[in-house]
């Protein structure tokens, strides 16, 4: 049942996940915690967690990319990738996704996301991972079983990870081409939650909250970088190598 659910969620994840992610934004009107000092700590902790998740994704893609988009919206793999971050964790992209979602969820201070979004993403990613493992066992057989015995499913083995990172070439162009949309959405989400906190603080203390001006400039600059990456990709100035 979980494998069937995983295949379904894999096929329609681009539609389902943004809808559940919207619970974070909708939940701004139904906070989990009302204390402003606690909220400030949640913003800081959540940002660090989500940033680490984005760095995990960046390292994974920059060192040795694996095709996660599937083929015809179904789980697919041309080869079994065991190098780069995949030598330390079998699902580093999903680990990065979960950390980004958890971090942004903490920043959002959303009761709705805590009650609905968190259980959804835990079940969804677990089901997708099981579906992928079922496919990979069938395609690669003993080679994949040996890989499973040597490398953890989700919690990375940190032994030797510095040697892995320093011993491989980092593909910046591939990272930008494959990840610019995710990086933009992640950064925009973080800024939205910071803005909400500043707006609420301004209304609470009756000040002009000048930090908002800096956040507006940050959004404009972040959007300009996103558009530059999009233009360079579409015009073939940047190609994944």
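The values are calculated or read from the model by the stated rules, or taken from the named source; none is laboratory data. Bear in mind the structure is a predicted one, so any value in this text is a computation, not a measurement. Neighbour counts are summed over all protein chains in view; Cβ atoms, including those assigned to glycine, are modelled from backbone coordinates with ideal geometry.
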Extreme residue, modelled with the highest pLDDT, among residues of segment 63-79 that are surrounded by 14 or more Cβ atoms within 10 Å (Cβ to Cβ) and touching a helix residue (DSSP H, G or I) at 6+ places or on another chain (Cβ under 7 Å): 63
Residue check for residue 96: under 24 Å from residue 20 (Cβ atoms) and free of Cβ contacts under 8 Å to residues at least 60 places away in the same chain: yes
Residue match in segment 85-101 (condition: over 30 Å from residue 194 (Cα atoms), at pLDDT below 90 and in a loop (DSSP other than H, G, I, E, B)): no
Unique residue being surrounded by 17 or more Cβ atoms within 10 Å (Cβ to Cβ), under 17 Å from the mean Cα position of the chain (by Cα), over 14 Å from residue 97 (Cβ atoms) and modelled with pLDDT under 75 when the list is 28, 23: 23
Residues within segment 193-237 that are within 14 Å of residue 180 (Cβ to Cβ) and at pLDDT below 85, tallied: 1
Residue match in segment 13-21 (condition: closer than 20 Å to residue 191 by Cα, in contact with a helix residue (DSSP H, G or I) (Cβ under 7 Å, 6 or more places away or on another chain) and assigned to a helix (DSSP H, G or I)): yes
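Test residue 38 against the criterion of being farther than 29 Å from residue 80 by Cβ, at pLDDT 85 or above and not in a helix (DSSP H, G or I), and give yes or no.
no
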Close pairs (7 angstrom Cβ cut-off, 6 or more residues apart or separate chains): on the phi < 0 side of the Ramachandran plot and in a helix (DSSP H, G or I) in segment 219-241, at pLDDT below 80 and surrounded by 11 or more Cβ atoms within 10 Å (Cβ to Cβ) anywhere: 232/238
Residues being under 20 Å from the mean Cα position of the chain (by Cα) and either loosely packed, with under 14 Cβ neighbours inside 10 Å or outside any helix (DSSP H, G or I) (or both) - total across segment 159-177: 3
Among (1) over 15 Å from the mean Cα position of the chain (by Cα); (2) crowded, with 18+ Cβ neighbours inside 10 Å; (3) within 30 Å of residue 198 (Cα to Cα) - the single one residue 104 does not satisfy: (1)
Residue among 128, 155 that alone is touching a residue at least 24 places away in the same chain (Cβ under 8 Å), assigned to a loop (DSSP other than H, G, I, E, B) and closer than 28 Å to residue 13 by Cβ: 155
